[in-house]
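In what follows, a single structure is set out as structure tokens and then discussed.
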Amino acid sequence: MRKEPHSDNDEHILAAFPDSLVKELRNLVQTERAQTMMSMPEDRVMRALKRISLGRKEELWIGELVSWFRPVFIAGLLVIVTLAFYNVNLLSADNQNQQTAAEMVLGLPPITVASAYDINLQDHP
Amino acid sequence: MNGNDNAFRFVVERFMDDVSRTVTGMLGPVPEVDDVVQEVFIKLHRSLSSFRGDASLKTFVVRMAINKSLDALRKRKRAAWLKPWTDVQEYEHQTTEASDTEITSRERRSELRNAINKLPENQRAVIVLRLIEDISTEETSRILDVPYGTVLSRLKRGLDRLRIELGESALIN
């Protein structure tokens, strides 16, 4: 292979550089490439691409799932937070009956599992 | 999809030599050449849709190879622990016996590689494209996205530097 001067401008630059050295440079790169490149590079590129596209598909699927379940997750979180606030005991010195804030606001007597099953037989002669 | 894969495989086969030669020319005989070549084609696969056809596909691919090689060179500079494996002789120690001719050619290659490695990155890119890949100066300026005059001055400075580096050796005679 001979170096091709492609224009008048670079012709004089390249003319000062021996052809044999250009050949040496090309041979050097050919030899180095043979040393460094593993066999069947095309196959490895195609395999890498396949792996990447499979990875992308999985990511898409997970993204889709997340977008579907995001509203459910937010709604569930809201319910949990509401219940937690509902069950917070805001007790003060005046609160002698140990009622929760919700019980006081709603005016309902406290219902516990124990009270529900505590049958007073005296009311029924 | 399968048709696209086959078409891309054709592109890989068509440009594998150009890309691997360009990357090897820029980086030398280092183990990372293989990875960089693979990265070039992965990037090409991703950005083929943005290829507008203004330049030839070869220009597009070789530009990617040069950019990836420059990235690898910068990464190599940053990572002090990554010792450049530029001594060709390290590869060839495995051969048991070598004739005088083989030893001489190894020494020549080693001298040349050391001279190339001493070139600044921008001059090295021009030398690789213009001399090794035999790409025209106009095309080189398009690949590197620099003016024509800049390519000429880099080519001149690069060749002058190579001449100085190899001055003492038999290569220049």
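Scan the range B:7-29 for residues that are within 7 Å of chain A (Cβ to nearest Cβ) and more than 16 Å from B:Ile135 (Cβ to Cβ) and jot them down.
Looking only at the range B:7-29, we keep the residues that are within 7 Å of chain A (Cβ to nearest Cβ), and these are B:9, B:12-13, B:16, B:20-21, B:24-25, B:28-29.
Hits for the range B:7-29 are B:Arg9, B:Val12, B:Glu13, B:Met16, B:Gly28, B:Pro29.
Restrict the check to the range A:63-77 and report whether at least one residue is modelled with pLDDT of 80 or more, more than 14 Å from every other protein chain (Cβ to nearest Cβ) and within 30 Å of B:Ala7 (Cβ to Cβ).
So in the range A:63-77, the residues modelled with pLDDT of 80 or more come out as A:63-77.
After this cut, where a residue has to be more than 14 Å from every other protein chain (Cβ to nearest Cβ) as well, the list is A:63-77.
Checking which are within 30 Å of B:Ala7 (Cβ to Cβ) leaves us with A:63-64.
Yes, the range A:63-77 contains a residue that is modelled with pLDDT of 80 or more, more than 14 Å from every other protein chain (Cβ to nearest Cβ) and within 30 Å of B:Ala7 (Cβ to Cβ).
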Residue in the range B:128-135 that is at pLDDT 75 or above, crowded, with 16+ Cβ neighbours inside 10 Å and not in a helix (DSSP H, G or I) present: yes
Of residues in the range B:39-61 being open to solvent by less than 40 Å² (accessible area, probe 1.4 Å) and within 7 Å of another protein chain (Cβ to nearest Cβ), the one farthest from B:Arg130 (Cα to Cα): B:Ile42
Pairs where the first residue, in the range B:10-33, is touching a residue at least 60 places away in the same chain (Cβ under 8 Å) and open to solvent by less than 10 Å² (accessible area, probe 1.4 Å) and the second is among the acidic types (Asp, Glu) and part of a helix (DSSP H, G or I), C-beta under 9 Å, 6+ apart: B:Gly25/A:Glu32; B:Met26/B:Glu121; B:Gly28/A:Glu32; B:Pro29/A:Glu32; B:Pro29/B:Glu90
Residue count, the range A:34-62 (criterion: away from chain B (no Cβ under 14 Å) and either among the aliphatic types (A, V, I, L, M) or within 21 Å of B:Val37 (Cβ to Cβ) (or both)): 2
Criterion (surrounded by 14 or more Cβ atoms within 10 Å (Cβ to Cβ), out of contact with any Gly (no Cβ under 9 Å at 6 or more places or on another chain) and aliphatic (A, V, I, L, M)) met by exactly one of A:Ala34, A:Ala75, A:Ala48: A:Ala48
Residue check for B:Ile143: in contact (Cβ under 8 Å) with a residue 12 or more places away in the chain, open to solvent by less than 40 Å² (accessible area, probe 1.4 Å) and facing another protein chain (nearest Cβ under 9 Å): no
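The values are calculated or read from the model by the stated rules, or taken from the named source; none is laboratory data. This structure is a prediction, so every number in the text was calculated from the model and none was measured. FYI the Cβ positions are ideal-geometry reconstructions off the backbone, even for glycines, and counts take in every protein chain you see. Areas reflect the complete protein model, heavy atoms only, side chains present, ligands, DNA and RNA absent. Shrake-Rupley method; radii C 1.70, N 1.55, O 1.52, S 1.80 Å.
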